[in-house]
Amino acid sequence: MRMFATAALAAALLGAASVAFAADATGAIKSLDMSKDTITLDNGSSYMAPKSMKLSDFKVGEKVTVSYTKAGDKMDVTSIKPAT
């Protein structure tokens, strides 16, 4: 029974570590790296955009809202739109 409890706890911890959640961040664009498909906001956070997203449509200094999913330390962009 003790071995089962240990295995169940390990499975629960591994499952929790791979959970992704969605969030939004609003700020001015600090930098755009087209070669790495990353956008960095003035709060210092960097986000990975999908290759299908045209980061060239945005400019440094532009205020945007970035919608993203976070899994671990990785933040993947789902959309970028001008902030209102």
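Laboratory data are not the source of any read-out in this text; all were calculated from the coordinates shown. As the structure is a prediction and not an experimental result, all values here were calculated from the model. Reconstructed Cβ throughout: ideal geometry from the backbone, glycine too, with neighbour counts over all protein chains shown.
List the aspartates and glutamates whose Cα sits under 14 Å from the Cα of K70, skipping any in the same chain fewer than 8 residues away.
Hits, sequence-local ones excluded: D24.
Under 19 Å Cα to Cα from K59, which lysines show up? Leave out anything in the same chain fewer than 8 places away.
Hits, sequence-local ones excluded: K30, K36, K51, K81.
Take A28 and T65, extend 7 Å from each Cα along the Cα→Cβ direction, and tell me the distance between the two endpoints in nm.
Using points 7 Å along Cα→Cβ, the separation is 2.0 nm.
Percent of alpha carbon pairs in the stretch 20-82 separated by more than 17 Å?
Numbers: 541 of 1953 pairs.
For the stretch 20-82, the share of Cα pairs beyond 17 Å comes to 28 percent.
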